[in-house]
Structure formats: structure tokens, C-alpha cells
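Q: I'd like to ask you about the structure that follows.
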Amino acid sequence: DIKHNHLKLKPAVFSKDSCYLPPLRYPATCTFKGSLESEKQQYIIHGGKTPNNELSDKIYVMSVVCKNNKKVTFRCTEKDLVGDVPEARYGHSMDVVYSRGKSMGVVFGGRSYIPSAQRTTEKWNSVADCLPHLFLVDLEFGCSTAYILPELQDGLSFHVSIARNDTIYILGGHSLANNIRPANLYRIRVDLPLGSPAVNCTVLPGGISVSSAILTQTKSDEFVIVGGYQLENQKRMVCNIISLEGNKIEIREMETPDWTPDIKHSKIWFGSNMGNGSVFLGIPGDNKQTVSETFYFYMLKCAEDDVNEDQKTFTNSQTSTDDPGDSTPFEDSEEFCFSAEAYSFDGDDEFDTYNEDDEEDESVTGYWITCCSTCDVDINTWVPFYSTELNKPAMIYCSHGDGHWVHAQCMDLAERTLIQLSEGSSKYYCNEHMKIARALQTPKRVLPLKKPPLKSLHKKGSGKIL
């Protein structure tokens, strides 16, 4: 949360009845308002890349179950889909439309790995545009239906989508097959009568050429598009205002922000909508400077009264010793996301009463814990051990008693075993509780020994058996 140009990070945990949510890159996210009080504000997450570079086809539903001054507790559940299930993908969009008192999720675009039959050693990680099919997903029952619209001819990824009532606008995007960023502008309307849904698409003029842009809402009927790329290695420095009125959409350029020299000269940038017309932007730090920072962060305020305000710079405290030239190159879409419309949490704004003294001691909570008697993970000296680790130690949940977290490295887990335990639902017991868990297990059933039958004794002159 950002108050008075200060960035405050709040611990977040998952409830015990939550499913495992892997750290996903480029998933599609949106908000959803359910009918029940407990479903007042939910977050829908679909697809994305997993840490081991596989693509997900799962859909997760997150909701806030508890919020106080110390931390936020989320509940995450996995939703099973049936019917025309969208293939695993990333860089796509997911929105929710509302029509005739009903709602429906809409999935469109993205990229996926080429079919397994076409994958070779050299092209194992090659991706292709997903077919330009539109998927309607019933978020209550998990039914998914694919629609083929003649107006949508080419696959798109990293486009901008705006949902309002029963209509979705698709802008820009990148076509991998043609390596272009066409100036697309589609209007997709979804009608939800008692029978089958009706979907129609209209191609509108006045689109813009951009990919990986950030969308923020400034008014009830006004949005601003910030950032993105107009060419593979050329940032799009122009911002656009999008106005919606009835069935009309108007896109116009806004006054260009006074970008700092660091932003102007950086080859890549990324960011996220922080709500209330504010956008959080990040660029890689320069390791040649005396103080080496991983990233520099900026806040751009797009609200009408704040357009001319200077950006405020934030730097994170995690330093980097790696040369950016040696790291994996960024994809066109490199970005991060705090949450969909992070400002829209239910209840009163409790962040105003933030007190650093209320925070828990990180030395005994979170990733930086002493998980066993031989644990040697130190926040000051920790370095990645598994290839699946991004910036925190990998952890596994021990099911003994009320359960607790342990470091995978301290448990001497092979990376293959770590991935299997992360993806599966089987119980795991750490080294200290392994013997206890075995003692509690029900012993295997032992078949009774076969005994030879007793010989029958017959008394002469009678038919009775003694």
C-alpha cells in the first residue's frame, strides 16, 4: 500500500483450507463480485508460467478472509473446469461480464508451447499464438465453452482488455506469428439470457499499437493506458486516455508525463496498476553505480488533478551482484502484479493505522525461519539452491500435528522431489517427524497363515462326524 509517497508492504498468508498456489508469471487476473457476502470481492487467476517453466491451465479463486494491522489472510481454491477447457497459456486476458443478473468469465488470447508432437530438443521451449477462440467460463459451476468469432483472425497476447457490464474492449497486443503489434480495437458483447449465451464481436476504428501496457482507472467511465512497447526494443512513452460512454469508446493522447532520464534510457520497464489512477513502474538498476539496487521504482499519478505531479522514486532494499547482461533476457511482457485492483479491499482502510512495531519478527516467521535443529538458512547470506527458486528459499509443508514449514534445502530434497511435492497433494513429513509419522501409520494387513484342515473321524456304523 502507498500512503503519502511511502511504500508499505504487509505480510500475507493463506488460510489452512487453501490449496497450493504456485508463483505464476504472466497469468490472467481480474476481480469478481459474487452473490454471497463472503464472496463480495474475489480475485480470479488463470494460467501463467510456473517456476519450472511449465504452463498452467488451472483457474484459482482468491478471497480475503481476514485483514488486520499485522497481516492479510487469503483463501485460495482451485476451480475445476469442464467442457471446452482453455489450453495452458500465458500472456492472455481474463475478464468478467455481467448481463441480465448473471455473470460469466471471458478468456482470450495468450501463448502456449507448440504441440508435443512438434517439440524437438532445439524447439522444446518454443511458443506459438493460441487460436483466437473466445472462452466463456461459468465461475460457479466451472463449465467452459469456446466460441469462434470471424472477426478474430489472428492470435494475440499481452493486449489490453477493458470490461464494463456486458462488454469487453480488446486493444493492441502482439501477434507472434507475424511479429507485429497491430492497432486492434475490438468490442465483444456477451448477452446472457436464460438459454445459450449470445456473443458478437465488432471491429472498431481508432485502435492503438501497443503490447504489455498497464491500465488504470481514473473515473467511472475513464481509463489511462501507460507504458508498454510499440516495437520489440522500443518503449511506448505516450499515454492514452480511454473514455467510455454508452456504446462508444474514444481513445486520445494525454499530456506526456515528465519521464525521468533513467526511465527514458532504460530498455525495459514493467509495472502494475495500484488503483485510484496510480501506476507503479519499475526499471532495472545500474550495477555500475556505487549503490547497486536491483530495481528503481516510480509512482505515476494519472488522476486529472495529479497529472503534472513529479514522479516519486522508490528503491528496493534487495541488492544484486549479478550482471544483467548474464541473466535471462526479458520477454516483451516482463511485468509484476500486486493484485487486481489492490485498492478495492473490503472494509475500512486499516492501512492508515500502520505501525512498524506491529510487524512480526521476520527472523522467526515467513521464509526466514529456523525450520530444524540443523537449519543454516540466513537472510543475509542465502543464495538460490534450486533452479525453481526466484528470490526466496523453497519451502515444504510438514503435515505433522498442526503442520509447519521447513526449508527444502535443509531437508536434503532433490529438485525433482521438491517439484513433485509442490504439485501433488500427498502429505509430507520432515526429517525430525518422519519416524513419528511412520509409527502412527496403520500397519499393513498381514494375511493369516493357512492351516491344513483337520482330518475327519467317522465312527463305524453311524454317519456322524466326531
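The values are calculated or read from the model by the stated rules, or taken from the named source; none is laboratory data. As the structure is a prediction and not an experimental result, all values here were calculated from the model. Note: ideal-geometry Cβ built from the backbone for every residue, glycine included; neighbour counts use all protein chains shown. Just the protein is used for accessible areas: all its heavy atoms, side chains included, with ligands, DNA and RNA removed. Shrake-Rupley method; radii C 1.70, N 1.55, O 1.52, S 1.80 Å.
Q: Averaging over every viewing direction, what projected area does the convex hull of the Cα atoms of region 212-303 cover, in nm²?
A: Details: hull surface 26.5 nm².
Taking the Cα atoms of region 212-303, their convex hull projects to 6.6 nm² on average.
Q: Among P261, S243, I214, pick out the residue whose Cα is farthest towards the positive end of the charge dipole of region 212-303, where Lys and Arg carry +1 and Asp and Glu carry -1 on C-beta, about the Cα centre.
A: P261
Q: Let me ask something additional. Considering only protein heavy atoms, with the full assembly of protein chains and a 1.4 angstrom probe, order D80, D138 by accessible area, largest first.
A: D80, D138
Q: Follow-up question, since we're still on this one. What does the accessible area per residue of region 212-303 come to in Å², with a 1.4 Å probe and no ligands, DNA or RNA counted?
A: 48 Å²
Q: Here's another thing I want to ask about it. Measure off 7 Å from each Cα along the Cα-to-Cβ vector at H404 and N52, then give the distance between these two points in nanometres to one decimal.
A: Rounded to a tenth, the inter-label distance reads 2.8 nm.
Q: Pop a pseudo-label 7 angstrom from the Cα along the beta-carbon direction at both E78 and S126 and give the gap in nm to one decimal.
A: 3.1 nm
Q: Ok, one more. Using 0.36 nm per residue of separation minus the Cα-Cα distance, give me the extension gain between T145 and I436 in nm, one decimal.
A: Here the segment from T145 to I436 would lengthen by 99.9 nm.
Q: With every protein chain left in place and a probe of 1.4 Å, what is the accessible surface of T145, to the nearest 10 Å²?
A: We get 60 Å² for T145.
Q: Based on the inverse mean of 1/r over its pairs of different Cα atoms, what is the Kirkwood hydrodynamic radius of region 392-434, in Å?
A: For region 392-434, inverting the mean 1/r across all distinct Cα pairs yields 10.5 Å.
Q: Per residue, how much accessible area does region 392-434 have with a 1.4 Å probe, in Å²?
A: 57 Å²
Q: May I ask you to rank K67, K3 by accessible area, largest first, using a 1.4 Å probe over the protein chains only?
A: In descending accessible area the options line up as K3, K67.
Q: How do F158, F295, F14 stack up against each other in accessible area, from largest to smallest, with a 1.4 angstrom probe?
A: The residues order as F14, F295, F158, largest area first.
Q: How much space per residue, in cubic angstrom, does the convex hull of the C-alpha atoms of region 1-105 take up?
A: It comes to 156 Å³ per residue, whole-number rounded.
Q: What does the accessible area of I283 come to, in Å² to the nearest 10, when a probe of 1.4 Å is used?
A: Around 10 Å² of this residue is reachable by solvent.
Q: While we're here: Based on the Cβ-Cβ distance of R416 and F14, what FRET efficiency does E = 1/(1 + (r/R0)^6) give at R0 = 30 Å, to the nearest 0.05? Could the numbers behind the result be given before it?
A: Details: r = 25 Å, r/R0 = 0.83.
It comes to 0.75.
Q: Follow-up. So if each residue of separation counts as 0.36 nm, and I subtract the Cα-Cα distance between E253 and K392, what length gain in nm does that give?
A: Once the chain is fully extended between E253 and K392, it gains 46.0 nm.
Q: Please report the accessible area of E232 (heavy atoms, 1.4 Å probe, ligands and nucleic acids excluded) in Å², nearest 10.
A: Here the residue's solvent-accessible area equals roughly 120 Å².
Q: Roll a 1.4 angstrom probe over the protein heavy atoms and tell me the percent of accessible area of region 392-434 that is carbon or sulfur.
A: It is 47 percent, rounded to a whole number.
Q: Now for a separate question. Could I have the simple spin-label model distance between T370 and E87, label points 7 Å from Cα toward Cβ, reported in nm to one decimal?
A: Label at T370, label at E87, 5.2 nm between them.
Q: Another question, if that's okay. Can you tell me the length gained on complete extension of the stretch A198 to K71, counting 0.36 nm per residue apart and subtracting the Cα distance?
A: Full extension of this stretch gives 41.4 nm more.
Q: For a bin width of 10 Å, list the pair-distance distribution of region 193-266 built from all Cα-Cα distances, rounded to whole %.
A: Spelled out per bin, shortest first, that is 15, 40, 27, 12, 4, 1.
Q: State the volume of the convex hull built on the alpha-carbon positions of region 242-284, expressed per residue in Å³ and rounded to an integer.
A: Cα-based convex hull of region 242-284, divided per residue, equals 114 Å³.
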